[in-house]
Amino acid sequence: MAYSFPEEVLEYVFSFINSDKDRNAVSLVCKSWYEIERWCRRRIFIGNCYAVTPGIMVRRFPEIRSVEIKGKPHFADFNLVPEGWGGYVYPWVVAMSRAYPWLEEIRLKRMVVSDECLELISKSFKNFKVLVMSSCEGFSTDGLASIVANCRNLKELDLRESEVEDLSGHWLSHFPDTCTSLVSLNIACLASEVSFSALERLVSRCPNLKSLQLNRAVPLEKLPNLLRGAPQLVELGTGAYSAELRPELLSNLFDAFTVCKELKGLSGFWDVVPAYLPAIYPVCNGLTSLNLSYATIQSPDISKLISQCQNLERLWVLDYIEDSGLDILATCCKNLEELRVFPSDPYGVEQNVALTEQGLVSVSEGCPKLQSVLYFCRRMSNAALVTIARNRPNLIRFRLCIIEARATDYLTLEPLDAGFGAIVENCRELRRLSLSGLLTDRVFEYIGKHAKKLEMLSIAFAGDGDLGLHHVLSGCESLRKLEIRDSPFGDKALLANAAKLETMRSLWMSSCSVSYGACKLLGQRLPRLNVEVIDERGTPESRPESCPIEKLYIYRTVAGPRFDTPGFIWTMDEEGNTPLGIA
Amino acid sequence: MNNLSESGKSGMNLKETELTLGLPGEPRVGKACMKRVFSETVDLELGNSGKKDSSGSGSSMKKESATSRGKLVGWPPVRAHRKNIMTVKSGKYVKVGVDGAPYLRKVDLELYNSYEQFLSIRTVLDEKKLMDPVNGVEYVPTYEDKDGDWMLVGDVPWKMFAESCKRVRLMTRSEAIGLAPRPETKCSSSSS
């Protein structure tokens, strides 16, 4: 084109465009922009590892430096996805080891990572800097040893809630003495003791260390020295926060915290002994993030702490905080944006704490910036939900878990349709919603009508029939992820809204009423989807077509059916034939 | 409550298809069996699938009783690493109750080294109860020891109390009258 900019200029302009959405838009303008863009894209996000193949990725984007990949569906967190489902990162690492010698960052979520994989990473990428593995599994501390020994420029090693085969704490000692590049280290999920002297030396020689999350095995006595070695820390996860009451340890700890002027986030607090909490008072005022969700302390201790953290933006806490503690939170923390309240006794039959819907109502009243809520409780009312919705139309994430499945409004004994209806009607920017309690198709009518920005919806034990699902699929324009369990949704809604499924990342349905026949039809009609039937009873061919399947996972893909399915997964094929998979 | 009337449930009897451990009294059955129950139930209903109207009433509104409820897979949705955190700590948990209050609090005595620390909890329980000080109701902390006797809290050294305490109750003063303080030298017999 006569009047187009030279490539270098376009490339320079594109270098300011970093969001995936914008980059994708740029690549669609014309062929030459597509070409230029693909050569200069440095960061890629793959929300579903089976939506595309490693080969496709490296062919299109030859100069990637940073990759983020997600594997298993979200319900895997709650044991609903059988072992062996998939999500192996190995093929990705193999392809990248050949195509991206300058790869710097790998971020994984819910993927299976082996020790060989970690070793391959550590040897393939000379400038490797960042490894984040969130809720991953399949590797041991040996794999970690490879990474820390071989990656000379390692900046981040973050094992967020991964399941690691913990052979010993030796791996940490494999950090070379010359390593000074560490910025973030999160080993909170590991059980074994690491060498404390190795840890101390590592921490004190890394001047850029900003985030350190210790594991439970690091005793409280070690914390003051660690802190003195890293006074520049912004985020700290303590180890076990208990010891016999010794005044000199308390004052030592207190003095160490005094030096941490940059500290904004605190977590850890396993086995908390309340008497040691005053040690963190020096940093409370600067805290924006506090995670007490492992701290089994009672409401008065929690309240005392919170009342000093006036700048808190994020609080994760157990329901020991109770309504009284939430009242104090509402009074003191006017900058609160995110609240997560976890159950201390999720499987207990009786209520063990004085936490009710009232606590959440208080916070919704007192905290004008509250936008993200995760709340476990044992009772709820439509009235409370309506109040919350009216108080906080700025909510973006609302996840409510009433512990008893199908619990009614405790005041009126009605379903909670009206309450959740008020949430979606008032909170116009709502992007994520998790429902609980007794719900009829009516709530889905409200959701379909009002939740136009909703991207992720989680449904459990809800609805009356297909109409409910139809409301959601036909009404929620922004829906990307839908996960449903134990709800009477079936074939009709799916088949009527089949095309919608191509506009979403994925749909999960388990213990619903979707028949095998409908799955076959969907597979036939929509070649750009993988329709995967998960059934541990053996091949669905051995049962009538009208028989409902156990679990269903549907996702859009350009990769075609996957080749690594285990014996209990069948992919519906385009011809409507006997499906691919081990019969 | 009209829309929850049980007239003509549409096809899906969800109560029957609930993931339970089987009939009460029976030993736990394997996952495969649970699934068979589900599919058998639905098979029976499939003859009606044509008549199934999606606006029909759904699940039974009867709340499951605590005893009949089996454990549901993955419900409530708590991640594995959170479940483990709570169970690993051993501790010495005792139930703490206040007369008239509906909740029993489980407190780990091993977290405390003295009555003073422990009683700060008691203070909060008190405060809740004493919301109406006009009543003039006063609470006295009492505990049941290993021998089943109800004693006043505070009469023995903390460690001795922590070892022998089975549960704690804040009684109203009137009720607490008649509880004798335990003599300093404890005899091994249970008589007070």
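The strands (runs of 3 or more DSSP E) found entirely in the range A:231-297 that carry 2 or more residues being in contact with a Gly (Cβ under 7 Å, 6 or more places away or on another chain) are A:235-237.
When the test is whether a residue is among the β-branched types (Val, Ile, Thr) and within 19 Å of A:ASP77 (Cα to Cα), A:ILE403 passes it. Looking at the structure I just gave you, is A:GLY325 small (Gly, Ala, Ser), assigned to a helix (DSSP H, G or I) and more than 24 Å from A:ASP271 (Cβ to Cβ)? No, not satisfied.
Within the range A:515-533, does at least one residue satisfy the condition of being in contact (Cβ under 8 Å) with a residue 60 or more places away in the chain and either β-branched (Val, Ile, Thr) or in contact with a Leu (Cβ under 8 Å, 6 or more places away or on another chain) (or both)?
Filtering the range A:515-533 down to residues in contact (Cβ under 8 Å) with a residue 60 or more places away in the chain leaves A:530.
Those left that are additionally either β-branched (Val, Ile, Thr) or in contact with a Leu (Cβ under 8 Å, 6 or more places away or on another chain) (or both): none.
Checked the range A:515-533: no residue is in contact (Cβ under 8 Å) with a residue 60 or more places away in the chain and either β-branched (Val, Ile, Thr) or in contact with a Leu (Cβ under 8 Å, 6 or more places away or on another chain) (or both).
Within the range A:392-409, being farther than 15 Å from A:GLU338 by Cα, without any contact (Cβ under 8 Å) to a residue 40 or more places away in the chain and of a type outside the set (A, V, I, L, M, F, W, C) holds for A:GLU404, A:THR408, A:ASP409. The residue that is surrounded by the fewest Cβ atoms within 10 Å (Cβ to Cβ), counting only those in the range A:501-527 that are part of a loop (DSSP other than H, G, I, E, B) and not β-branched (Val, Ile, Thr), is A:PRO527.
Is it the case that B:LYS71 is out of contact with any helix residue (DSSP H, G or I) (no Cβ under 9 Å at 6 or more places or on another chain), modelled with pLDDT of 65 or more, farther than 25 Å from A:SER267 by Cβ and within 8 Å of chain A (Cβ to nearest Cβ)? Give the steps one after another, and end with the answer.
Details: out of contact with any helix residue (DSSP H, G or I) (no Cβ under 9 Å at 6 or more places or on another chain): yes; modelled with pLDDT of 65 or more: yes; farther than 25 Å from A:SER267 by Cβ: yes; within 8 Å of chain A (Cβ to nearest Cβ): yes.
Against the criterion (out of contact with any helix residue (DSSP H, G or I) (no Cβ under 9 Å at 6 or more places or on another chain), modelled with pLDDT of 65 or more, farther than 25 Å from A:SER267 by Cβ and within 8 Å of chain A (Cβ to nearest Cβ)), B:LYS71 qualifies.
If you go through the range A:27-38 one residue at a time, do you hit one that is at pLDDT 95 or above and in contact with a strand residue (DSSP E or B) (Cβ under 7 Å, 6 or more places away or on another chain)? No, that holds for no residue.
Taking first residues from the range A:431-447 that are small (Gly, Ala, Ser) and partners that are assigned to a helix (DSSP H, G or I), the Cβ contacts under 9 Å between residues at least 6 apart in sequence or on separate chains come to A:GLY437/A:GLY419; A:GLY437/A:PHE420. Listed by position, the strands (runs of 3 or more DSSP E) inside the range A:47-143 whose residues that are under 20 Å from B:ALA80 (Cα atoms) number at least 3 are A:130-134, A:137-140.
Filter the range A:387-424 for residues that are acidic (Asp, Glu) and more than 26 Å from the chain's Cα centre (by Cα) and give the result.
The first filter runs over the range A:387-424 and keeps only residues acidic (Asp, Glu), leaving A:404, A:409, A:414, A:417.
A:ASP409, A:GLU414, A:ASP417 - these are the residues of the range A:387-424 that are acidic (Asp, Glu) and more than 26 Å from the chain's Cα centre (by Cα).
Quick check: is even one residue across the range A:240-261 within 12 Å of another protein chain (Cβ to nearest Cβ) and among the aromatic types (Phe, Trp, Tyr)? Looking for residues that are within 12 Å of another protein chain (Cβ to nearest Cβ) and among the aromatic types (Phe, Trp, Tyr), one finds at least one in the range A:240-261, hence yes. When the range A:120-160 is examined, which residues are found to be in contact with a His (Cβ under 6 Å, 6 or more places away or on another chain) and either buried (at least 21 other Cβ atoms within 10 Å of the Cβ) or under 12 Å from A:ILE106 (Cα atoms) (or both)? Listed by number, the residues that qualify are A:ALA145, A:VAL148. Here the range A:522-538 is the region considered, the condition is being of a type outside the set (Gly, Ala, Ser) and within 14 Å of chain B (Cβ to nearest Cβ), and the residue that is farthest from A:ASN48 (Cα to Cα) is A:ARG537.
If the requirement is being of a type in the set (Asp, Glu), within 14 Å of chain B (Cβ to nearest Cβ) and either in contact with a Lys or Arg (Cβ under 9 Å, 6 or more places away or on another chain) or surrounded by fewer than 20 Cβ atoms within 10 Å (Cβ to Cβ) (or both), which of these qualifies: A:GLU338, A:GLU313, A:GLU350, A:GLU365?
On the way: A:GLU338 fails: within 14 Å of chain B (Cβ to nearest Cβ); A:GLU313 fails: within 14 Å of chain B (Cβ to nearest Cβ); A:GLU365 fails: within 14 Å of chain B (Cβ to nearest Cβ).
None of the others qualify; the one that does is A:GLU350.
Filtered by the rule that a residue be among the small types (Gly, Ala, Ser), assigned to a loop (DSSP other than H, G, I, E, B) and closer than 22 Å to A:SER134 by Cβ, the range A:188-230 gives A:ALA188, A:ALA191, A:SER192, A:ALA217.
Got a sec? Which of A:LEU190, A:LEU233, A:LEU266 is within 13 Å of chain B (Cβ to nearest Cβ) and either without any contact (Cβ under 8 Å) to a residue 40 or more places away in the chain or out of contact with any helix residue (DSSP H, G or I) (no Cβ under 6 Å at 6 or more places or on another chain) (or both)? It is A:LEU190.
Take A:TYR50 and decide whether it is over 23 Å from A:MET504 (Cα atoms) and crowded, with 17+ Cβ neighbours inside 10 Å. Taking the combined requirement at face value, the residue does not satisfy it.
Filter the range A:298-322 for residues that are under 21 Å from B:VAL78 (Cα atoms) and either part of a loop (DSSP other than H, G, I, E, B) or more than 25 Å from the chain's Cα centre (by Cα) (or both) and give the result. Result: A:GLN298, A:GLU322.
So is A:PHE376 aromatic (Phe, Trp, Tyr) and in contact (Cβ under 8 Å) with a residue 40 or more places away in the chain or not? Yes, satisfied. Of the residues making up the range A:551-573, one or more are within 12 Å of another protein chain (Cβ to nearest Cβ), surrounded by 15 or more Cβ atoms within 10 Å (Cβ to Cβ) and not in a loop (DSSP other than H, G, I, E, B).
For A:ILE17, the requirement of being over 17 Å from A:LYS70 (Cα atoms), in a helix (DSSP H, G or I), out of contact with any strand residue (DSSP E or B) (no Cβ under 9 Å at 6 or more places or on another chain) and of a type outside the set (Lys, Arg) is not met. Is it the case, given these coordinates, that A:ARG406 is touching a Leu at 6+ places or on another chain (Cβ under 7 Å), surrounded by fewer than 19 Cβ atoms within 10 Å (Cβ to Cβ) and at pLDDT 95 or above? So A:ARG406 fails the test. Looking across the range A:328-362 at every residue that is of a type in the set (D, E, K, R) and closer than 21 Å to B:VAL96 by Cβ, the one that is modelled with the highest pLDDT is identified as A:ASP345. Considering the conditions (1) under 26 Å from A:SER293 (Cβ atoms); (2) in contact with an Asp or Glu (Cβ under 7 Å, 6 or more places away or on another chain); (3) of a type in the set (A, V, I, L, M, F, W, C), A:LEU167 is excluded by exactly one of them, (1).
The values are calculated or read from the model by the stated rules, or taken from the named source; none is laboratory data. Keep in mind it's a predicted model, so treat the numbers as computed, not measured. Neighbour counts run over all protein chains shown; Cβ positions are idealised from the backbone, glycine included.
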